[in-house]
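What follows is one structure encoded as structure tokens, with my remarks underneath.
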Amino acid sequence: MNSPESRLQSPESAGMKSEAEVQRAHDMLIAVILGELPTPLNERNKLGLRAACDVLCWVLNHDHNQSFEKNLGLIERLAHANGGTFELGREAA
């Protein structure tokens, strides 16, 4: 469980990836999507990579890609309109 003290820890000591690791993953996905890093993936296979990259852009707070943030907001509004609520799970609280 995360205590109030554990939330004051660095991301790494809390078991999260470092910002550098997240940025590296983002940059690698971008390179694959743009064809700069050779892989056997076709455009259809890259759709999941694009979605993952959208999430990483959100985590890294990039201004150039707000797709995930917009989709998350839409999901929250739709859920709320249909009586749904979402609270942070026990692990995040």
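Just so it is clear, none of the values below were taken in a lab; they were calculated from the coordinates. Since the structure is predicted, the reported quantities are computational estimates derived from the model, not experimental observations. Virtual Cβ from ideal backbone geometry, glycine too; neighbours counted across all protein chains shown.
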| note | Cα extents of region 6-81 per principal axis, largest first, Å, are 41, 38, 20
| query | Calculated FRET efficiency, S13 and L47, Cβ-Cβ r, R0 41 Å, to nearest 0.05? | reply | 0.75
| Got a sec? How would D27, D63 order by Cβ neighbour count within 10 Å, fewest to most? | D63, D27
| remark: Final fewest-first order of T85, T39 on the 10 Å Cβ neighbour count is T85, T39
| query | Roughly how many nanometres apart are two label points built 7 Å out from the Cα toward the Cβ at E36 and Q23? | reply | 1.4
| note | Ordered by fewest other Cβ atoms within 10 Å, a rough proxy for footprinting exposure, R77, R50 read R77, R50
